[in-house]
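Just so you know, all these numbers are worked out from the coordinates, no wet-lab data involved. These numbers come from a predicted model, not from an experiment. Cβ placement follows ideal geometry from the backbone for every residue including glycine, while neighbour counts extend to all protein chains displayed.
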């Protein structure tokens with residue numbers, strides 16, 4: 001399950017990146033896709049933290065959440 005969520009997050013983030021690179025999407029759409037992708041990434045990493053309970057997973061989750069907050073408030 002966590003791999004599926006992480007794969008979906010990567011796909012959404014790549015779509016946002018490609019859409020921005022070719023000017024296919026507006027900035028608002030790219031921002032929305034980035035937030036959605038980071039949200040999926042946070043959920044997947046949260047599942048990994050719950051399953052593994054390692055400090056490395058917690059640090060990565062905190063970095064993803066910080067990046068998501070940066071995108072939201074920028």
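Residues are listed down the side, and each one gets a yes or a no for (1) touching a helix residue (DSSP H, G or I) at 6+ places or on another chain (Cβ under 7 Å); (2) in contact (Cβ under 8 Å) with a residue 24 or more places away in the chain; (3) loosely packed, with under 11 Cβ neighbours inside 10 Å:
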residue	(1), (2), (3)
6	yes, yes, no
25	yes, no, no
37	yes, yes, no
48	yes, yes, no
52	no, no, no
58	yes, no, no
62	no, no, no
69	no, no, no
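In segment 8-23, what residues are surrounded by fewer than 16 Cβ atoms within 10 Å (Cβ to Cβ) and assigned to a helix (DSSP H, G or I)? Walk me through it before giving the result.
Pass one, segment 8-23, residues surrounded by fewer than 16 Cβ atoms within 10 Å (Cβ to Cβ): 10-11, 14, 17-19, 21-23.
Scanning segment 8-23 gives 10, 11, 14, 17, 18, 19, 21.
Just the residues that are in contact (Cβ under 8 Å) with a residue 24 or more places away in the chain and closer than 19 Å to residue 72 by Cα, please, taken from segment 8-23.
Within segment 8-23, 9, 10, 12, 13 qualify.
Please tell me if residue 42 is assigned to a helix (DSSP H, G or I), free of Cβ contacts under 8 Å to residues at least 40 places away in the same chain and crowded, with 18+ Cβ neighbours inside 10 Å.
Taking the combined requirement at face value, the residue satisfies it.
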